1. Quick one: which residue in A120, A158 is in contact (Cβ under 8 Å) with a residue 60 or more places away in the chain, of a type in the set (G, A, S) and outside any loop (DSSP other than H, G, I, E, B)?
2. Taking the residues in region 224-242 that are in a loop (DSSP other than H, G, I, E, B) and out of contact with any helix residue (DSSP H, G or I) (no Cβ under 6 Å at 6 or more places or on another chain) as candidates, determine which candidate is nearest to the ligand (Cβ to nearest atom).
3. Which count do you get for residues in region 281-302 that are away from the ligand (no atom under 13 Å from the Cβ), over 15 Å from the mean Cα position of the chain (by Cα) and under 21 Å from R369 (Cβ atoms)?
4. Anything in region 303-330 that is within 13 Å of the ligand (Cβ to nearest atom), among the basic types (K, R) and surrounded by fewer than 23 Cβ atoms within 10 Å (Cβ to Cβ)? List them, or say none.
5. Would region 199-215 turn up any residue that is of a type outside the set (F, W, Y), more than 16 Å from the ligand (Cβ to nearest atom) and within 30 Å of L44 (Cα to Cα)?
6. Restricting to region 243-279, count the residues that are more than 16 Å from the chain's Cα centre (by Cα), within 13 Å of the ligand (Cβ to nearest atom) and part of a strand (DSSP E or B).
7. Return the pairs, sorted by first residue and then second, in which the second residue is surrounded by fewer than 23 Cβ atoms within 10 Å (Cβ to Cβ) and of a type in the set (K, R), the first residue lies in region 219-234 and is in contact (Cβ under 8 Å) with a residue 40 or more places away in the chain, the beta carbons are less than 7 Å apart, and the residues are 6+ apart or on different chains.
8. For region 95-110, give me the residue count where each residue is touching a strand residue (DSSP E or B) at 6+ places or on another chain (Cβ under 7 Å) and surrounded by 18 or more Cβ atoms within 10 Å (Cβ to Cβ).
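The values are calculated or read from the model by the stated rules, or taken from the named source; none is laboratory data. The shown structure was predicted, so the numbers you read here are calculated from the model rather than taken from an experiment. Because the Cβ atoms are built from the backbone with ideal geometry, glycine has one as well, and the counts that use them run over all protein chains shown.
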Amino acid sequence: MNNQDSIMIEKETTDKIEMKTKKGLGEMWPEPIIRVQSLAESNLTTVPDRFIKPPSQRANETIIVDYPLEADAMNIPVIDLSSILSGNQEDKKRMSEACREFGFFQVINHGVRPELMDAAREAWRRFFHLPAEAKEAYSNSPSTYEGYGSRLGVEEGALLDWNDYYFLNFLPLVLKDLNKWPSLPSNIREVTEEYGEELVKLGERLMRIFSSNLGVKEEQLQEAFGVEGFGACMRVNYYPKCPRPELALGLSPHSDPGGITILLPDNHVAGLQVRHGDTWITVNALPNAFVVNLGDQMQILSNSIYKSSEHRVIVNSQKERMSLAFFYNPKSDIPIQPLQQLVSATNPPLYPPMSFDEYRLFIRTQGPRGKTYVESHVSLVNG
Ligand SMILES: O=C(O)CCC(=O)C(=O)O
């Protein structure tokens, strides 16, 4: 077996896609990597064709830059975690509704120290401002995505997003390799390690409440994820200033393939938008809040009671933006399927079992594509 991807895509008459990924991803990107930051710093007046989205995918609204946004603008729900943990049933219910309706909320009073959040942001901001050679030393490949990268997906000629990123693993411990984390700035490994430990604890707390809100025992979702061997990883997204923000996107519409995403948004610059029906809500991030969203694995485990929502990132010409997306994921090689307590003869399972390793190859191969992956996964059973 060679290392090439072997992907068969069948377009059915219903326009549903069945994909069978037979082998892992290779060591090489299909074409030379373009660092978005170096483009942005080369004083271009427009963006290269590869970054120009078709008109139907562009964000048409005025690009908003700084927080706070207009007070009356629509926002995702804000949930107070400490209030839930001290027994407030009303807030717990609001979290449940947020998971069912939006698949997104902001969490405040979550227990992670604001100083640690700021230190993590600052360390990574300094990393992205290191000279190119210091970053290139950690250049990533599609086989694991770990390291410094600039694209999701391996399709030759695909349209690209206006961001660079850094991807690293925390859990399972066998995948945590500090040599694959940057060594500069000098505190980045220490800060990132502590940040990861705190976010794993936050993920565990959220998992218990999400379970309880589904009417199953508190440990149920964690057991489905694997009590040991579950995953935690992070992608730090860096969106440079963009000379033609109306033509490009920082990150194309997608739902996250994994379990829970706990996002530390930029503390000054807006950009994350969540699809709600026919509108895109620009997240008005509160100081020291995390933005939490449910990934496809949660939609699958809850048999579609919880929603993984489509989201995207818009860019602007005035300020760079950065976010730290922490992913709390199932153990990668166990079958994930709707919890048996949530299915019955009248409410059959909507999704067949599939391991997260297999599932995430969709996005790792084809890049962000709205909710195509989870929707085509349903269709394999019901279509
Ligand atoms: O940058 C953001 O605000 C969102 C990032 C995101 O959606 C992701 O990393 O999957």
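1. A120
2. So the residue we want is C242.
3. As a first pass, look at region 281-302 and keep what is away from the ligand (no atom under 13 Å from the Cβ): 286-288, 297-302.
Next, only the ones that are over 15 Å from the mean Cα position of the chain (by Cα) stay: 286-288, 300-302.
Those left that are additionally under 21 Å from R369 (Cβ atoms): 300.
Residues meeting the conditions: 1.
4. R312 - this is the single residue of region 303-330 that is within 13 Å of the ligand (Cβ to nearest atom), among the basic types (K, R) and surrounded by fewer than 23 Cβ atoms within 10 Å (Cβ to Cβ).
5. First, the residues of region 199-215 that are of a type outside the set (F, W, Y): 199-209, 211-215.
Filter once more, so that each one left must be more than 16 Å from the ligand (Cβ to nearest atom): 200-202, 204-209, 211-215.
Now narrow it down to the ones that are within 30 Å of L44 (Cα to Cα): none.
Scanning region 199-215 turns up no residue that is of a type outside the set (F, W, Y), more than 16 Å from the ligand (Cβ to nearest atom) and within 30 Å of L44 (Cα to Cα).
6. 1
7. Filtered contacts from region 219-234: F225/K331; G226/K331; G229/K331; F230/K331; G231/K331.
8. Here the count works out to 10.
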